[in-house]
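Engineer: This is the structure, below, for whatever I ask next.
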Amino acid sequence: MFDQLFQESLIYLPDFQANAAPSSLICELVESLCLIDGEVLRWPFHLARMQAACQALVWRDVSKELPKHWATASAQMPEDCRQGRTMARIVYGAEGIRSITFRSYSPRLVRSLRLVEANHVDYALKSTNRRAIMECFDQRNGCDDVLMVRDKCFTDTSIANIALWHEQQRRWYTPARPLLRGTHRAFLLRTGTIFEDSALTLDRLSEFSRIRLFNAMLAWGEIELPMVALLPLTAH
């Protein structure tokens, strides 16, 4: 199985290379995979992102260790994780894969988003250190989550990429420079479901009527809000 997945992942490798920058401060990364009834969704995209991250950090390609580690971990998967929606969390570093854990997953209810200025946030690689993002999340001021704004452009919520529905063009647009290039985002771009826009700025809010949140664990369309659910900007 993995031989075919690794071959396919090479196709998607460029999708994750543009934002990946080396940093001596990053020592541990994570991949969160969605399993439905035990089957992993979008495996090749996750492998491609791991490969791109290892290249950026000049680590050896730890994704090559996955077949052995996955076989061991999945054999010990809790029974309640073998049905329904499950999150698999792969933690890895320069020396290799550190852990693979599973837990049943239920999405968090999101009905409102606080706009938060996040010019200081750099999350191009999916690090286990989310301190800067959580500092933004703590500014939600009664909302369910935040939508971070960097250089006057929309980026991501604390857990998800976003897409905005353009009424006139009848298309979903996603920021061309998100904080993190998500695996589900890459899949939706590849399938022509969403389109990149490099200028999704605050002054264009009136062009859009709806916003969708999505990540590896969330299905496309599972969380959709009217634009009035975005509440005013909070400066950091």
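The values are calculated or read from the model by the stated rules, or taken from the named source; none is laboratory data. What you see is a predicted model, and the numbers here were worked out from it, not measured in a lab. Ideal geometry is used to build each Cβ from the backbone, glycine not excepted, and the neighbour counts take in all protein chains shown.
Let's see how each residue does on (1) touching an Asp or Glu at 6+ places or on another chain (Cβ under 8 Å); (2) surrounded by fewer than 21 Cβ atoms within 10 Å (Cβ to Cβ):
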residue: 104; (1), (2): yes, yes
residue: 108; (1), (2): yes, yes
residue: 116; (1), (2): no, no
residue: 135; (1), (2): no, yes
residue: 145; (1), (2): no, no
residue: 148; (1), (2): yes, no
residue: 151; (1), (2): no, yes
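For every residue, the table says whether it meets (1) assigned to a helix (DSSP H, G or I); (2) surrounded by fewer than 21 Cβ atoms within 10 Å (Cβ to Cβ); (3) touching a residue at least 12 places away in the same chain (Cβ under 8 Å).
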site	(1), (2), (3)
47	yes, no, yes
55	yes, yes, yes
58	no, yes, yes
73	yes, yes, yes
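Engineer: Please find, within region 153-205, the residue that is surrounded by the most Cβ atoms within 10 Å (Cβ to Cβ) out of those that are farther than 19 Å from residue 223 by Cα and of a type in the set (S, T, N, Q).
Structural biologist: In this case the residue turns out to be 201.
Engineer: Would you confirm whether or not region 190-202 contains a residue that is part of a helix (DSSP H, G or I) and more than 14 Å from residue 227 (Cα to Cα)?
Structural biologist: Of the residues in region 190-202, the ones part of a helix (DSSP H, G or I) are 190, 202.
Keeping just the survivors that are more than 14 Å from residue 227 (Cα to Cα) gives 190.
Among the residues of region 190-202, at least one is part of a helix (DSSP H, G or I) and more than 14 Å from residue 227 (Cα to Cα), which makes the answer yes.
Engineer: Pairs under 6 Å by beta carbon, first residue not assigned by TED's automatic domain parsing to the domain that holds residue 52 in region 183-195, partner of a type in the set (Gly, Ala, Ser) and crowded, with 20+ Cβ neighbours inside 10 Å, six or more apart or different chains?
Structural biologist: These pairs meet every condition: 183/216; 184/216; 194/163.
Engineer: While we're here: Output yes when any residue across region 19-27 is in contact with an Asp or Glu (Cβ under 9 Å, 6 or more places away or on another chain) and either small (Gly, Ala, Ser) or at positive phi (or both), and no when none is.
Structural biologist: Within region 19-27, the subset in contact with an Asp or Glu (Cβ under 9 Å, 6 or more places away or on another chain) is 21, 23.
If we keep only those that are either small (Gly, Ala, Ser) or at positive phi (or both) too, we end up with 21, 23.
Looking for residues that are in contact with an Asp or Glu (Cβ under 9 Å, 6 or more places away or on another chain) and either small (Gly, Ala, Ser) or at positive phi (or both), one finds at least one in region 19-27, hence yes.
Engineer: Within 29 Å of residue 212 (Cβ to Cβ), surrounded by fewer than 16 Cβ atoms within 10 Å (Cβ to Cβ) and not assigned by TED's automatic domain parsing to the domain that holds residue 129: does that describe residue 89? Steps first, please.
Structural biologist: Values: within 29 Å of residue 212 (Cβ to Cβ): yes; surrounded by fewer than 16 Cβ atoms within 10 Å (Cβ to Cβ): yes; not assigned by TED's automatic domain parsing to the domain that holds residue 129: yes.
So residue 89 fits the description; yes.
Engineer: Does residue 219 satisfy the criteria of being surrounded by fewer than 16 Cβ atoms within 10 Å (Cβ to Cβ) and in contact (Cβ under 8 Å) with a residue 12 or more places away in the chain?
Structural biologist: Spelling it out, it is not the case that residue 219 is surrounded by fewer than 16 Cβ atoms within 10 Å (Cβ to Cβ) and in contact (Cβ under 8 Å) with a residue 12 or more places away in the chain.
Yes or no, residue by residue, for (1) modelled with pLDDT of 95 or more; (2) more than 21 Å from residue 53 (Cβ to Cβ):
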position	(1), (2)
87	yes, no
90	yes, no
95	no, no
111	yes, yes
116	yes, yes
151	no, yes
163	yes, yes
